[in-house]
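Below is one structure, written out as structure tokens; the observations come after it.
The values are calculated or read from the model by the stated rules, or taken from the named source; none is laboratory data. Fair warning: this is a prediction, and the values are worked out from it, not measured in the lab. Don't worry about glycine lacking a Cβ; one is built from the backbone with ideal geometry, like all the others, and counts go over all protein chains shown. Quick note on the areas: whole protein, heavy atoms, side chains included, nothing else; ligands and nucleic acids left out. Shrake-Rupley method; radii C 1.70, N 1.55, O 1.52, S 1.80 Å.
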Amino acid sequence: MNLIMTQKQNSWDPLLSSKDAESEIVSAAQKREIRNILKSYVGVYDSFSELIQNAMDAVDRRKEELNEAGYKREISITINLGENSFTITDNGIGFKEKELKSFLAPNISFKDGSKTRGNKGVGATYIAYGFDHLCFGTKGNGHSFVGEIIGGRKWVDDNNGIVTRPVVVESTWLDPAFLSTDRGSTFKINYNGSNTRPRDLSWYAATTPEQWLYLLLVKTPLGSIKYLNEQPDYITFSINVIDKDGIAKTLDQQNAAYIFPHTKINASTNIKDVIAIQGELIKQGKDPSIFPQKYTKSNAVYDSYSSEDLAVFRNLDDPERELLKQYSVEAYGYFAYSTLVWDQLNDTVAKLRKGYRVLKGGLQLANNQMAQGDLIVIPLTSNTGYQNQCHVVVHFRGADPDLGRKGFQPELKEVAEKVAVQIVNRLKGWRHLLKSDSGVRPDIVKEMDLHEWVKQQEKHEVDCPLVIKNANFFAPIHEISITSTPQSEQDVIVLFNQLVAGGVIRGIKLFSTSQVKQYDGLFKFEIKKPLENHIFEKALNPLGVTEMHFDKEHTSAPKVLEYKYSLDGLMAEFENGEKNEKDIHLVIAWHVGDLWKKHYEITSLLDLDNIHLRDFHGVTHILHSGNTKFYLIALKELVEYLNDVDGIQNHHRATYSEV
């Protein structure tokens, strides 16, 4: 669709009102006012934030005011690293003609502060006069226009009256996304000049749409923060990044939603779920302090809080509780077991530059669905290390932040800090659900005769190694040589060894089997580079681990291995005393059987909710009772899992639920 100019527009000066349209002088006071506005914008994301919040308000207004059937709120963002520019186009309400000629002037706003993200009337002035080249356009409302204002920042910084005050002139610039929409607005900032922030978009060291996605969702209003009692109704957007070589990459159909840490970091436990589980355990007459395995060894615990929840916090006084009610304050807290979690998120998931933590511990203030300002240190008076482990969001409705994007009034900041301290104190009470930084592994109990046998097997490994160098095993047909399901323990041994040799199960090294000794064999866990071979990937490596416990190659001590056709056989040997459950580290079986239910609980690691508990590649279950714990590889269920990962989920959750 071509843009049609419905009415010839003359150039105009945004700073001249209608009554002094013929004047050539703008008072020194007005210029000082603009300088003060620019000084209030100190963040490196402020320009993005202003443009994004205006676009989001525009699409919301169109949805509410026009009530068009089938209308979808959409925003297009382009970051051109070669051109050093940021462009945003929306399919929103657009500007009326009178609005267009006045919106760049200070203190002019067409927003309803109770419904929109911003209402100060200074953001447009900031983008017009805080930079030296702003292009913008609008269509709809019976008219259309594309123009530009050049040299705004140079004029503001000029103290000698040399630089002529810039005016808006028509422009031939067009964003392709603007051409394809029926109505809306478009803006483009070119970043140049010694006093602009940022001066160069390469400062962010983000060169892909995925990297920019994280930056904008966390640091700008694009990361919309919904109220607890509201259903998600997200604006969708696309991010197009053009690198310095002119190569463009795009992410389409993204949701404008804040990145709460639990949505990106696996094994994050919701405290409300834990409390519900405790209630179920009490109903069943069980000890509520003994949690199911899936709620242990978590990367973090988190919770959300309504205004009513916050009102009972003990460290608040009555006036502060009134503020909570007045501004419908809600909050969120995420307590990580270690600050290393933030490194993993920012370096590995978001793939940002090394050491740049866009999401980390601290207090994030938010108002009217958008985060505002930088993270604040949570003012703990003891256990100050937790300040960096806990990410807290305190969200106000209808608050009135200071000019620009500096921050909130002192009383709002203070009540938010008190809320954050109380959230940290509450969440740290659940630290027993978190994994330990030490990464301690359970050891087997060694009897003297078992110890001697281990020594003999270690010597035999050194004296008589078995080496296979042929690289063509399992090729070219990629089929396992066993053609039928196991019918005996020996079949289980053959199948297991085929899976290990074929790389389906990785990192298990076998010493030998024994028909004489009390136990069937010895093995060791051996983690070799590339360590990525052990990392979980649902399609390519579904038996992997979600997080490596080792940052270099690792070989465990020898451990005891048992083979069984059915796990029932081993349960019977435990009961009659033939074998000691504390000696065994790993069991390989075809069937799980039913006898385990008498004395044990099983955590299925084929349940995708539990894969963070998988310590080593290929392990399918954990059996535990009191202080006793050992691993199980159940081959029948493993094969079913490999054939249909999603299809077996309900079965495993129903069969091995610990509640």
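Quick look at the values:
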| quantity | calculated |
| --- | --- |
| Region 69-99, subset in contact with an Asp or Glu (Cβ under 7 Å, 6 or more places away or on another chain) and hydrophobic (A, V, I, L, M, F, W, C), residue surrounded by the fewest Cβ atoms within 10 Å (Cβ to Cβ) | Leu81 |
| Test for Ala128: is it assigned to a helix (DSSP H, G or I) and out of contact with any helix residue (DSSP H, G or I) (no Cβ under 7 Å at 6 or more places or on another chain) | no |
| Count of region 243-262 residues which are in contact with a helix residue (DSSP H, G or I) (Cβ under 7 Å, 6 or more places away or on another chain) and open to solvent by 70 Å² or more (accessible area, probe 1.4 Å) | 2 |
| Hey, Tyr258 in contact (Cβ under 8 Å) with a residue 60 or more places away in the chain, assigned to a loop (DSSP other than H, G, I, E, B) and among the aromatic types (Phe, Trp, Tyr) or not | yes |
| Test set (1) within 22 Å of Lys294 (Cβ to Cβ); (2) out of contact with any Asp or Glu (no Cβ under 9 Å at 6 or more places or on another chain) - Trp596 fails condition number | (2) |
| Test: residue in region 559-566 that is open to solvent by 10 Å² or more (accessible area, probe 1.4 Å), touching a residue at least 24 places away in the same chain (Cβ under 8 Å) and of a type in the set (Phe, Trp, Tyr) | yes |
| Residues located in region 218-242, provided they are touching a Ser or Thr at 6+ places or on another chain (Cβ under 9 Å), open to solvent by less than 20 Å² (accessible area, probe 1.4 Å) and among the β-branched types (Val, Ile, Thr) | Thr220, Ile235, Ile239, Val241 |
| Test result for Asp402, over 20 Å from Asp303 (Cβ atoms), acidic (Asp, Glu), modelled with pLDDT under 90 and more than 25 Å from the chain's Cα centre (by Cα) | yes |
| Qualifying residue in region 397-404 (condition: of a type in the set (A, V, I, L, M) and open to solvent by 40 Å² or more (accessible area, probe 1.4 Å)) | yes |
| Selected residue (criterion: modelled with the lowest pLDDT) from residues of region 112-138 that are open to solvent by 10 Å² or more (accessible area, probe 1.4 Å) and farther than 30 Å from Tyr227 by Cβ | Asp132 |
| Tabulated pairs, region 287-302, first farther than 15 Å from His621 by Cα, second open to solvent by 30 Å² or more (accessible area, probe 1.4 Å) and β-branched (Val, Ile, Thr), C-beta under 6 angstrom, 6+ apart or interchain | Pro288/Ile282 |
| Selection count, region 263-275, where residues are open to solvent by less than 60 Å² (accessible area, probe 1.4 Å) and either within 16 Å of Leu345 (Cα to Cα) or among the small types (Gly, Ala, Ser) (or both) | 4 |
| Single residue of region 39-64 satisfying the filter (in a loop (DSSP other than H, G, I, E, B) and either acidic (Asp, Glu) or under 10 Å from Tyr126 (Cα atoms) (or both)) that is nearest to the chain's Cα centre (by Cα) | Tyr41 |
